[in-house]
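A.B. asks: Could you have a look at this structure, given as structure tokens, before my questions?
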Amino acid sequence: MPNYDGGHYFLTMLAPVRLGTTAGSQRFSWRQTLLDTLAMLPDSQVGVTTREDEAESPFTRNTMTHLARFVLIDAPPYNGRVSGDTLLAKLRRLDPTVHQPVDALATPYLLFAADFDAADGTDASLRAFTDTLWATMRPELTRIFACCYGFDAATVTTAEDFFRYVKACQVETTFPFNDYWRPADLARMPADLALPTKALGAIGGYAKPIAAALGVWALCFLYAALGRDSPAHDAAAWVARWGGLVVLLVLLGIGGYVLWLYNAFKARAKRPFPRGAQLPDVLKSLYLQQRFVEFVIENQGRDPAALHAAFGRFLRDHAPASEAAPTQPPGVIRSEAKPAAAAVARPAPASTEGAVA
């Protein structure tokens, strides 16, 4: 399932960072300029340290993006020396203090990963996303990617130019992760690959006769190879010859089936899961969770008639069937609470045992 699965497109791109320094009287390395630019990019307000920030992530200007992340990759991870057998190293007089080759990158790379809603895994779906980014956060994108090779702010001026740059730097996403799913969509899951269980059961039912036939063939083969010329030897040779052909054909058939099964599994694995929850679904769900908790707290101890009327107002005010509005805006951990309604006088419950404060 490369790049696309469950209604989500998983974009991964690696852009090589420029070497050298910026122009002007105060010169900085392009790498440091990129780090400073990313450090000043506002985060989404979903973390403990960012939920009170006034600035919002530029990715919240659209309702397609589930996740977006920039990472600077300076070098491959170093896992230590290549180890070997200590005794053999001692016998070969290998010096453990001699440096071994270490992998290095010719230039740092900027990783951009994004998970966004898409109808399919085609370039048209990717183009719809890059066009949306270009329309909603072009200044930020220009400042970031101007630190990378192949992106010139003077020439990358249109959505088409930006899409071509993204395609040039894109690498295939071979292991996407999607944690949103609708239970109703399970009915559209691809069917399991059919296996010849009935044929295997039939073979199992005749296991003893098959084993006996193979045993007779093996004995005839040995007698034909080692025995002396005689009518019995000729008969054993005939059985060994034609029985061997049958065994060979059976083995070829089994091998062909296994090969077909392997290719069928590969083809089935490449099929994406049916379309799952999109970002508007998720935002609406978060909004309703918060509003319903408030509803439960506000309506503790009400009589059935008042509770029924209050729930009717809840359905009217929050429209659970509508994803458009009211809903939670993207990029925040909580939506703004609805102003508290005027307190409604209601009789105290007959018993306060177990009441929620």
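A.B. asks: Identify the single condition in (1) over 30 Å from Ala119 (Cβ atoms); (2) crowded, with 16+ Cβ neighbours inside 10 Å; (3) hydrophobic (A, V, I, L, M, F, W, C) that Leu248 does not satisfy, given that it satisfies every other one.
C.D. replies: (2) is the only condition that Leu248 fails.
A.B. asks: Restricting attention to region 140-162, which residues are touching a residue at least 40 places away in the same chain (Cβ under 8 Å), on the phi < 0 side of the Ramachandran plot and not hydroxyl-bearing (Ser, Thr, Tyr)?
C.D. replies: Those that are touching a residue at least 40 places away in the same chain (Cβ under 8 Å), on the phi < 0 side of the Ramachandran plot and not hydroxyl-bearing (Ser, Thr, Tyr): Glu140, Arg143, Ile144, Phe145, Cys147, Cys148, Phe151.
A.B. asks: Just checking, does region 171-181 include any residue being more than 30 Å from Ser285 (Cα to Cα), assigned by TED's automatic domain parsing to the domain that holds Trp134 and modelled with pLDDT of 85 or more?
C.D. replies: yes
A.B. asks: State all residues of region 308-333 that are part of a helix (DSSP H, G or I) and surrounded by 15 or more Cβ atoms within 10 Å (Cβ to Cβ); if no residue qualifies, say none.
C.D. replies: Within region 308-333, Ala310, Phe314, His318 qualify.
A.B. asks: Continuing with this model, one more query. Please work out which one of (1) aliphatic (A, V, I, L, M); (2) outside any loop (DSSP other than H, G, I, E, B); (3) without any contact (Cβ under 8 Å) to a residue 24 or more places away in the chain is the condition Leu34 fails and give its number.
C.D. replies: (3)
A.B. asks: Within 34 Å of the chain's Cα centre (by Cα) and under 24 Å from Thr132 (Cα atoms) - does that describe any residue in region 76-95?
C.D. replies: The answer is no, given that none of the residues of region 76-95 is within 34 Å of the chain's Cα centre (by Cα) and under 24 Å from Thr132 (Cα atoms).
A.B. asks: What is the one condition in (1) under 21 Å from the mean Cα position of the chain (by Cα); (2) under 30 Å from Asn263 (Cβ atoms); (3) modelled with pLDDT under 75 that Lys198 does not satisfy?
C.D. replies: Of everything listed in (1) under 21 Å from the mean Cα position of the chain (by Cα); (2) under 30 Å from Asn263 (Cβ atoms); (3) modelled with pLDDT under 75, Lys198 misses just condition (1).
A.B. asks: Could you tell me which numbered condition Leu67 fails, if it satisfies all but one of (1) in contact (Cβ under 8 Å) with a residue 60 or more places away in the chain; (2) of a type in the set (A, V, I, L, M, F, W, C); (3) within 30 Å of Pro272 (Cα to Cα)?
C.D. replies: (1)
A.B. asks: Give just the number: which of (1) over 27 Å from Thr12 (Cβ atoms); (2) in the same structural domain as Met40 (by TED's automatic domain parsing) does Leu91 not satisfy?
C.D. replies: Condition not satisfied by Leu91: (2).
A.B. asks: Identify the single condition in (1) surrounded by 10 or more Cβ atoms within 10 Å (Cβ to Cβ); (2) part of a helix (DSSP H, G or I); (3) modelled with pLDDT under 75 that Leu193 does not satisfy, given that it satisfies every other one.
C.D. replies: For Leu193, the exception is condition (2).
The values are calculated or read from the model by the stated rules, or taken from the named source; none is laboratory data. No experiment lies behind these values; they were computed from the predicted model shown. Neighbour counts run over all protein chains shown; Cβ positions are idealised from the backbone, glycine included.
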